[in-house]
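The values are calculated or read from the model by the stated rules, or taken from the named source; none is laboratory data. Predicted, not measured: the structure shown is a model, and the values here were computed from it. Cβ placement follows ideal geometry from the backbone for every residue including glycine, while neighbour counts extend to all protein chains displayed. Heads up: the accessible areas ignore ligands, DNA and RNA and are worked out on the full protein's heavy atoms, side chains in. Shrake-Rupley method; radii C 1.70, N 1.55, O 1.52, S 1.80 Å.
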Amino acid sequence: PNRVRREEQLIDLALTTAAAETPVEPAQAIPPGSGQPTIAVQSGMGEVKLDSQYAVAHNRRGFQLASAGKYDQAIAHFDEAIRIDPDYAPAYNNRGYACAAKKEYERAIGDFDHAIRLDAGFAAAYNNRALAYTAKREYERAVADASEAIRLDSSIALAYHNRGFAHAALGQYDRAID
């Protein structure tokens, strides 16, 4: 019982840390009067004001809300981003993260799968899916996804942690510390 609770605490910590590492598209400069939808950032608050037809803006607002623990509100923005642009992989990844934080692991895995289908090189989506597999105690799959995340982007420190945790859960202690 104590080991299971400790695993759950570590998974929750990893999900919280993942929020800081989940990539968000950098802001794009859009010239006024260009006819393109725009976003504006309110100074001081950091809150994104958005055009309702701009998928990236909805994704960013959802990311802010998810980072604040407002997962249902975040999911609504990710849903809208996906409605506007069904091929926008970051919105699926971020919605998956919010679902995983709510312990809706099957839905999260579905979103990570979709993000990876859209962008096979999306290292963060592999890492986030590894977290969801870890939460479901599917450690072999977690190792595979964390390893793929590392192969794609060796700078994702959390992927090394996730892989090590999954190896340890499998009793592969020598591999856990590699």
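Among the residues of region 110-125, the one identified as of a type in the set (Asp, Glu) and closer than 14 Å to Ile82 by Cα is Asp111. In the condition set (1) out of contact with any strand residue (DSSP E or B) (no Cβ under 9 Å at 6 or more places or on another chain); (2) open to solvent by 80 Å² or more (accessible area, probe 1.4 Å); (3) modelled with pLDDT under 95, Ala14 is compliant with all but (2).
Which pairs do you get when a residue that is closer than 19 Å to Ala123 by Cβ, found in region 157-178, comes within reach of a residue that is open to solvent by less than 90 Å² (accessible area, probe 1.4 Å) and in a loop (DSSP other than H, G, I, E, B), reach meaning Cβ atoms under 8 angstrom, with the pair 6+ apart or on two chains? Correct list of pairs: Ala159/Asp153. Of the helices (runs of 4 or more DSSP H) lying entirely inside region 60-178, those carrying at least 2 residues that are surrounded by fewer than 16 Cβ atoms within 10 Å (Cβ to Cβ) and among the charged types (D, E, K, R) are 71-84, 105-118, 139-152, 173-176. Selection over region 151-178 of residues that are over 15 Å from the mean Cα position of the chain (by Cα) and of a type in the set (A, V, I, L, M, F, W, C) gives a count of 8.
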